[in-house]
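The values are calculated or read from the model by the stated rules, or taken from the named source; none is laboratory data. No experiment lies behind these values; they were computed from the predicted model shown. Using ideal geometry, Cβ is built from the backbone for each residue, glycine included, and neighbour counts are taken over all protein chains shown.
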Amino acid sequence: MDRCIVLVDAGYLLGAAASLLAGEPSRSRITVDHHALIQGLRERAESDTQQPLLRIYWFDGAPDRVPQPEHRRLRVMPRVTVRLGALTRSDGRWAQKGVDAAMHAELTELARNRACSDVVLVTGDGDLLPGMMAAKEHGVAVHLWAVQAADGDYNQSEDLVAEADERRVLDRAWITKAVRAKEVGGICAPPPAPRPEIAAILSAPLPESALGAPERTAEQPPRPAPAAAQNGAAERVPVSKGVPTPKDLAALRAHGTQPAAPHPPTATLRWSSDRGWVDRPGVASEPPEAVAMPTLAQLTTAEQRWADREEDITTVGGDPYEVGQVFARRWISRLGDQGHLQRLSGMYPRIPHRIDGELLRYAARFGLLAHKDDQIDEHDRYAIRAGFWREVDARTGAERTPAEE
């Protein structure tokens with residue numbers, strides 16, 4: 001058959017691109033326009049081989065072989081087939097399992113069945129050498145593509161290079177048409193406008209319960225050691241935090257160090273998280289206007305839910321900041337009472353708990369739980385909420401000034 005097929009080792013392609021653009025092979029350091037990348041691969045393959053494209057096979061790893069958001073978007077693109085291996089953790093590092101074997105099996109099967117005249121391999125792993133040799137024995141021309149290595153390094157097996165019929169290098173100019181390094185801090189979108197009132201919260205002194213080693217004055221006699229410590233067991237001292245958690249902020253209000261009305265110590269606050277609701281006694285409950293705000297699920301019809309899912313699969317990239325913006329945009333557009341939006345804007349930086357929990361559970365759909373022990377990373381939580389507030393401010397025209405502190 002006079003046509004070409006492209007086999008892509010995504011771990012190699014994106015890892016090498018991250019090394020080139022961000023200085024380390026972590027794919028979390030880059031953002032990828034998959035539509036542009038697939039289109040670039042197709043155009044380059046048809047140009048190099050002078051044959052029409054039959055299909056692009058995308059080989060990648062995923063935890064428990066469960067497709068991640070990028071895999072769901074890729075597999076609905078025309079002439080793209082996704083093959084997933086396992087992604088396992090060993091000695092604190094993540095490694096792909098079964099990807100090379102799947103590429104070898106696909107390569108030899110395509111060549112044996114004469115499904116194509118040319119195969120393009122985007123990989124650097126020498127384990128594919130037997131498959132490459134088998135394809136050549138069946139009369140298939142093998143084109144090997146490499147990603148330009150960072151700092152003059154070499155990122156491809158010399159045996160593969162020696163055995164290939166043709167070799168090309170995807171240089172920085174080609175890579176940057178579809179891949180770019182994330183900004184420092186990992187947020188792909190511009191950070192939200194500075195808000196002086198959040199600076200006041202972060203600069204407020206933490207209560208004694210949140211500090212690791214509180215200073216004692218002459219008027220404060222040292223507290224007696226607990227029974228466990230008196231018997232020789234060391235008392236566990238909490239680690240000091242650079243940024244107060246929601247629990248710390250609630251304690252600040254209870255101690256009067258934050259300018260807010262004190263709440264009764266017996267109140268209960270329902271804390272939202274990606275795992276659902278958690279009741280924590282001893283801290284404040286929400287004001288009635290926050291409790292009355294509808295959730296996105298309550299505002300969404302069955303037809304809208306289907307359309308949302310379609311957009312999530314085909315359009316939303318899964319960046320934490322973007323996820324927060326998408327969620328906020330849907331919630332705002334479906335509000336019947338726009339007064340809720342103005343009241344929400346005045347609650348910054350706290351998102352009502354029911355909405356916040358729904359936001360984090362929505363973010364979990366995009367693989368943000370992967371590799372983090374089933375918890376959304378703290379930095380990702382900040383980015384998700386920053387995207388949410390940016391969209392709210394864009395709709396309300398809110399601009400915070402020092403006078404609002």
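Within region 332-354, the set of residues being touching a residue at least 60 places away in the same chain (Cβ under 8 Å), out of contact with any strand residue (DSSP E or B) (no Cβ under 8 Å at 6 or more places or on another chain) and either under 17 Å from THR300 (Cα atoms) or not assigned by TED's automatic domain parsing to the domain that holds ARG309 (or both) comprises ILE332 only.
Here the condition is being in a loop (DSSP other than H, G, I, E, B) and at pLDDT 90 or above; of PRO349, PRO294, it holds for PRO294 alone. Residues of region 133-167 that are touching an Asp or Glu at 6+ places or on another chain (Cβ under 6 Å) and modelled with pLDDT of 95 or more: ALA141, VAL142, HIS143. Of the strands (runs of 3 or more DSSP E) lying entirely inside region 3-105, those containing at least 3 residues that are under 24 Å from ASP151 (Cβ atoms) span 30-32, 93-97. Of the candidates HIS104, HIS138, HIS143, the single residue that is in contact with a helix residue (DSSP H, G or I) (Cβ under 8 Å, 6 or more places away or on another chain), surrounded by fewer than 16 Cβ atoms within 10 Å (Cβ to Cβ) and either assigned by TED's automatic domain parsing to the domain that holds TRP58 or among the β-branched types (Val, Ile, Thr) (or both) is HIS138. For the residues GLN51, GLN68, the requirement of being within 22 Å of HIS143 (Cβ to Cβ) and in contact with a strand residue (DSSP E or B) (Cβ under 6 Å, 6 or more places away or on another chain) singles out GLN51.
Residues in region 31-56 that are among the hydroxyl-bearing types (Ser, Thr, Tyr) and surrounded by fewer than 19 Cβ atoms within 10 Å (Cβ to Cβ): SER47 alone. Within this structure, SER117 fails the test of being on the phi < 0 side of the Ramachandran plot, free of Cβ contacts under 8 Å to residues at least 24 places away in the same chain and either surrounded by fewer than 22 Cβ atoms within 10 Å (Cβ to Cβ) or under 21 Å from the mean Cα position of the chain (by Cα) (or both).
Selection over region 329-339 of residues that are in a helix (DSSP H, G or I) and either modelled with pLDDT of 90 or more or on the phi > 0 side of the Ramachandran plot (or both) gives a count of 5.
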